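What follows is a set of notes on a single structure, which appears directly below.
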C-alpha cells in the first residue's frame, strides 16, 4: 500500500512539472511586437516578432516577459502582446491579412468586406438587426466612413505613447 502511495505522489509531481513546462509557451498576438533588450518600451529593440510566433517564457517581470524565440533570441516582450493560446488562422485578404502572404492558401472563403467588418465588430447579424429596426441609411453611411478609416503603425505607436497605454503605461525601466 505504501509503495502505491509513493508511485502516486511521484506521478502527480511529474504531471505538475509537465504542466508547468507546457504553460511556459506563449504566442505573439499583436502586430508590431518587438523583442526588447530590457523590460521597457524605450529599451533597444533586438528583433521584430511576427504575429503567431511561438515564444518560451524564461522569466516573468510583471507586465513584461523575458522570452526566447524559436530562433534562439532572448529578450523582453510586453505581456499584453502575447497570448497563452495559439492565434487562430485569420481570413486572408489580397494583402495577406495579419499573417502576411503565408496565409494566402487559407481554406476559408468569405467576402473581404464582410470579414473586415466582422473583425471591427459589425457582423451580418448586426446589419440585419439594424435593417429590421429601420436604422436610417445616414447612420449606416456614417459607420462605413468610420470603418474605412486607416491608422498607420506609426500613428498607433504615437497614440499609445502619448496616452501612456500598454507597454508605455509604466515608467521607464524596471522589470516589475
Of the criteria (1) at pLDDT 90 or above; (2) farther than 22 Å from residue 161 by Cβ; (3) in contact with a strand residue (DSSP E or B) (Cβ under 6 Å, 6 or more places away or on another chain); (4) assigned to a loop (DSSP other than H, G, I, E, B), which one residue 86 fails: (1)
Residue 35, sole failed condition from (1) more than 22 Å from residue 153 (Cα to Cα); (2) surrounded by 21 or more Cβ atoms within 10 Å (Cβ to Cβ): (1)
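Considering only residues that are without any contact (Cβ under 8 Å) to a residue 60 or more places away in the chain, surrounded by 11 or more Cβ atoms within 10 Å (Cβ to Cβ) and closer than 19 Å to residue 41 by Cα, which ones fall in the range 146-160?
Here is the first cut: in the range 146-160, the residues without any contact (Cβ under 8 Å) to a residue 60 or more places away in the chain are 146-152, 154-155, 158-160.
In the following step, the residues that additionally are surrounded by 11 or more Cβ atoms within 10 Å (Cβ to Cβ) were identified as 147, 158-160.
Matches in the range 146-160: 158, 159, 160.
I'd like to know if the range 61-74 contains one or more residues that are modelled with pLDDT under 90, within 20 Å of the chain's Cα centre (by Cα), closer than 23 Å to residue 160 by Cα and part of a strand (DSSP E or B).
Residues of the range 61-74 modelled with pLDDT under 90: 61-62.
Of the ones still in play, those that are also within 20 Å of the chain's Cα centre (by Cα) are 61-62.
Adding the requirement that they be closer than 23 Å to residue 160 by Cα leaves 61-62.
Restricting the remaining residues to those that are part of a strand (DSSP E or B) gives 61.
Scanning the range 61-74, I find at least one residue that is modelled with pLDDT under 90, within 20 Å of the chain's Cα centre (by Cα), closer than 23 Å to residue 160 by Cα and part of a strand (DSSP E or B), so the answer is yes.
Residue 135: surrounded by 12 or more Cβ atoms within 10 Å (Cβ to Cβ), farther than 17 Å from residue 34 by Cα and at pLDDT 85 or above, yes or no? Even if it seems obvious, please write down each step before you answer.
Details: surrounded by 12 or more Cβ atoms within 10 Å (Cβ to Cβ): yes; farther than 17 Å from residue 34 by Cα: yes; at pLDDT 85 or above: yes.
Answer is yes for this residue.
The values are calculated or read from the model by the stated rules, or taken from the named source; none is laboratory data. Here the structure is a predicted model, which is why all the values come from computation and not from measurement. Here the Cβ is made from the backbone with ideal geometry for all residues, glycine too, and neighbour counts use every protein chain on show.
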